[in-house]
Amino acid sequence: MTTTLDKPAPTRDGARSLVDTVFRAREISIGGALVLLILGTWIANPGFLDDQGIKDLLLNSSILVLLAVGQSVVVITRNIDLSVGSVTGLTAFACGHFVSGTDRSAFTVVLLGLGLGVVCGLVSGALVSFGRVPALVVTLGMLYVVQGVDHAWAHGEQINAVNVPDAVLALGTGSILGIPYLPLISAVVLVATGYFLRTYRSGRELYAIGSNPEAARLAGIPIRRRILAAYAFSGAVAGFAGALWLARFGTVVADATNGWELTVVSAVVVGGVAITGGTGAVWGAALGALLLTTIGSALVVLKVDSFWQQAITGVLLLAAITTDRIVQVRTTSALRKRSRR
Amino acid sequence: MTAFTKYVRWDTVVTVLLVAVFLAGAGTTGGFADTSNLSAALDDTAEIALIALPMTLLVVAGQVDLSVASMLGLSSALAGALWDAGWAFELIVPVCLLVGAAGGLLNGWLVTRIGLPSLAVTIGTLTLYRGLASVVLGDKAVADFPDAYAQWAAYTRTVPGTFVPYPVALFVVLAVITAVVLHCTGFGRSLFAIGAQEDAAYFAGVRVKRIKIALFAVSGLVASFAGIVYTLRYGSARADNGIGLELVVIASVLLGGVDFDGGKGTLGGAVAGVLLIGLLGNLLTLNDVSNEVQVIVTGLLLIASVLTPRVISAVSERRHLPDQI
């Protein structure tokens, strides 16, 4: 596994900018693709980037961005959380059930979502870290359990927007200076998480664990606690996303978020967070989420036949991870050549 | 690993569980052990069982194929579209199988030549193949398949003298072949080698890339065949047939004790896992347990299946500790 952990110390010659560029290539290539896509769509249909268009784009992507940030923290430790989609669905329904017909505040709803999410995350995390069982199996199991609980509880019933208090709905529709709350919230979570991973010792240790668990253990990193924390965080984010989902849409059915886990994992993978752990940044994952959402919106705006949309998304997904991989291989061999000199 | 795993293998435990579920069902639920019900229960798991065979090989080799359910849907949609266009059914089947193999080859090519992790690749092709299915058939449903073929997949038509429906009989044959290949041949050993340590396997002379490509191709081929079975069984070709089935297949295989990290597992265990989930689902349905609760039971079983051996071995380790010191 290659890691970006050991960044070379900055030197004064031109090498620095090259190395810097090279190490950021993943995020740059995804960002470039995103810009191209947006520009292309905008040229084809100027309505894509009017006020409402931008607002829609931001709103549509913010929940996925949140989930991708939470997921990448787990993936960086060489684990995976497949239960995020169902946890989001369950918390959305639970929050809706909790506020239906009452005048509870948005704050309590968010708190409830966070709490439920943390509990789910802690269960998965404890099984993975203390039970020492493969993350994919555990979180697949959790996916079924949470989904089953959600469906059994909802049982064909749905939460309707008319019963959701205005204070909660305002969280999903309100804005500051024309920017809706949702993307602002996602941006805050993104920046905070990115800063934490990059700057704090415990954040760097997550990379160490994903890069080489055995070496991390020998270096004295409390692996189990860190992995547990990563899952708790991912769960909290999923729960938070559930509360926001309720605020944004008001209407919640049991299977609203079925299948999301794979979309979230796609966003993370497209964003250059290696599924094998130890590499990547939350910025990349957020860009990946933004890219996936933008592809969806662009295809609608460009009036692509709806039957074609999923196939095109699939091709672009494959193209993104393939390009990313080729760039990575090229830069690795370039760096090797450079260090040989 | 430890005392527990030294004497009792997980696939044995799953098999015992399977027998226990069967006996409990036969004892408590009228009609469960009837041959007609067993035929129906087995037929219901036919696609999952078929796809689980190559999936076991893939997981043993440290890979995974999440695109199988989408390939099932694509094959079903293609069969429907071609039947609609007036093709002969005898021609449709090989075309669908070819498409399946080609889809599998694409997975294998991306994994081996580009060097991408199979989880990432097959998430991409999961979306692509499902998308192609809706391109091929849109939101139509094609239903009027020839009776002779639809009968072939129905649980009411069984191999004479037994209660085994034809797709299941075919599965049994394929399972025996796969078991022999996995456990009795050099090829099978090389799969375990790749799963345990890919680099070591490569230096030991295993043609890692070629084998991986072949595995993905077979996986695609079998998934497309399962798509035909699915179409005939439900008498309906749709682009969204079998959505989400990939997770059930993987859950069954993992439940059977095949290690997701590769290098460990038995085909018998995987088959027992498939049958356990299938029979349990049937038993719960007969007892009017809702589908939601069945989903929860599957999840708990899956978690228990990975947790139990570890808990038991941890306990027995602790108990044996004084002797060792």
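The values are calculated or read from the model by the stated rules, or taken from the named source; none is laboratory data. Note that the coordinates shown come from a computational prediction; the quantities given were computed from them, not determined experimentally. Methodologically, a virtual Cβ is constructed for each residue, glycine included, from the backbone with ideal geometry; neighbour enumeration extends over all protein chains shown. When the accessible area is computed, the model is the full protein with side chains, heavy atoms only, and any ligands, DNA or RNA have been set aside. Shrake-Rupley method; radii C 1.70, N 1.55, O 1.52, S 1.80 Å.
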**Asked** Along the charge dipole of the protein assembly as shown, which of A:Ala285, B:Ile51, B:Val136 sits closest to the positive end, that is, farthest toward it, with unit charges on the beta carbon of Lys, Arg, Asp and Glu (+1, +1, -1, -1)?
**Response** A:Ala285
**Message:** On alpha carbon coordinates alone, what is the Rg over Rh value for the range B:207-302, Rh being the Kirkwood radius?
**Reply:** 1.02
**Asked** Over the range A:196-341, what relative contact order in percent results from Cα pairs under 8 Å that are six or more residues apart?
**Response** 17
**Message:** For the range B:85-171, what does the accessible surface come to per residue with a 1.4 Å probe? Please give it in Å².
**Reply:** 44
**Asked** Taking all protein chains as present, what is the carbon and sulfur share of the accessible area of the protein assembly as shown, in % to the nearest whole number, probe 1.4 Å?
**Response** 64
**the range B:141-285: C-alpha gyration tensor shape, a/c 1.5 cut-off, then a/b vs b/c** = prolate
**Complete:** Checked chain B with the C-alpha gyration tensor, a ≥ b ≥ c its square-rooted eigenvalues, rounded below a/c of 1.5, otherwise prolate if a/b is larger than b/c and oblate if not; verdict oblate
**Prompt:** Measuring from a point 7 Å past the Cα of B:Asp199 along Cα-to-C-beta, which residues in the range B:253-268 have an amide N at less than 18 Å?
**Reply:** B:262-263
**Item:** Whole-angstrom gap from the range A:216-295 to the range A:173-191, using each part's C-alpha centre
**Value:** 18
**Prompt:** For helix A:84-99, what angle does its Cα long axis make with the longest principal axis of chain A, in degrees from 0 to 90 and rounded to 10?
**Reply:** 30
**Item:** 43 Å tail of the calculated P(r), the protein assembly as shown, as % of Cα pairs
**Value:** 23
**Between helix A:282-301 and chain A: long-axis angle, C-alpha atoms, 0 to 90°, nearest 10** = 60
**Message:** Could you identify which residue out of A:Thr294, A:Thr257, A:Thr331 has the top mean-square fluctuation in a GNM of chain A using Cα springs shorter than 10 Å?
**Reply:** A:Thr331
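Relative to 2.2 N^0.38 Å, what does the C-alpha radius of gyration of chain A come to as a ratio? Two decimals please. Could you put the intermediate results ahead of the total?
Values: Rg = 20.6 Å, N = 341, 2.2 N^0.38 = 20.2 Å.
Ratio of Rg to 2.2 N^0.38 Å for chain A: 1.02.
Could you work out the helix-only [θ] at 222 nm for the protein assembly as shown, with each DSSP H run of four or more residues adding -39,500 (n - 2.57) and the total divided by the number of residues, to the nearest 500 deg cm²/dmol?
Values: 28 runs with 498 residues, N = 666.
Helices in the protein assembly as shown give a 222 nm mean residue ellipticity of -25500 deg cm²/dmol.
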**Asked** Can you pull the mean other chain C-beta count within 10 Å for peptide A:124-137?
**Response** 4
**Message:** Using only Cα atoms and rounding to the nearest 10 degrees, what angle (0 to 90) does helix A:201-211 make with the longest principal axis of chain A?
**Reply:** 70
**Item:** Highest-fluctuation residue, A:Gly203, A:Gly47, A:Gly239 considered, GNM on chain A with Cα pairs under 10 Å
**Value:** A:Gly47
**Asked** Taking the alpha-carbon centroid of each part, what is the distance from the range A:124-168 to the range B:18-77 in angstrom?
**Response** 25
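Which whole number gives the average count of other chain Cβ atoms within 10 Å of the Cβ atoms across peptide A:146-153?
Across A:146-153, the average partner-chain Cβ count within 10 Å equals 5.
Given a 1.4 angstrom probe, what's the average accessible area per residue across the range A:118-260, in square angstrom?
Per residue, the range A:118-260 has 42 Å² of solvent-accessible surface.
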**Cα centre as origin, Lys/Arg/Asp/Glu Cβ charges: the range A:169-307 dipole, Debye** = 480
**Asked** Normalised by the residues of chain B, what does the relative contact order come to in percent, with Cα pairs under 8 Å and at least six apart?
**Response** 36
**Asked** Using the alpha-carbon centroid of each, what span in Å lies between the range B:246-325 and the range B:196-244?
**Response** 23
**Asked** Can you give the relative contact order of chain A as a percent, counting alpha carbon pairs under 8 Å and 6+ residues apart?
**Response** 34
**Span-rule helices in chain B, defined as complete DSSP H runs reaching 30 Å or more along the axis (Cα) with Kyte mean at least -0.5** = B:89-112, B:208-234, B:291-324
**Item:** Burial order of peptide ranges B:286-295, B:256-265 (average beta-carbon count within 10 Å, highest first)
**Value:** B:256-265, B:286-295
**Long-range amide H partners of A:Val304 with built H, under 5 Å** = none
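Which trypsin sites (Lys or Arg not before Pro) from the range A:77-166 combine a DSSP loop assignment with at most 12 other Cβ atoms within 10 Å? All intermediate terms of the calculation are to be shown ahead of the outcome.
Numbers: sites: A:Arg78, A:Arg104, A:Arg132; in loops: A:Arg78, A:Arg104, A:Arg132.
Taking the range A:77-166 and a limit of 12 other Cβ atoms within 10 Å, the loop trypsin sites (Lys or Arg not before Pro) found are A:Arg132.
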**Asked** Tell me: how much accessible area in total is hidden between A and B, 1.4 Å probe, Å², nearest 100?
**Response** 3400
**Request:** Compute the Cα gyration tensor for the range A:183-341, then decide on rounded, prolate or oblate, letting a ≥ b ≥ c be the square roots of its eigenvalues: rounded whenever a/c is under 1.5, prolate when a/b is larger than b/c in the other cases, and oblate in all that remain.
**Result:** oblate
**Message:** Taking every pair of distinct Cα atoms and averaging 1/r, then inverting, what Kirkwood hydrodynamic radius in Å comes out for the range A:39-173?
**Reply:** 17.1
**Complete:** Diffing the range A:173-180: the Karplus 3J(HN,Hα) column from phi (6.51, -1.76, 1.60, θ = phi - 60°), in whole Hz with x for Gly and Pro, holds 10, x, 7, 10, 6, x, 9, x
**Fill in**
Semi-axes a, b, c in Å (a largest) for the range A:85-145, each sqrt of 5 times a Cα gyration tensor eigenvalue, come to 28, 11, 6
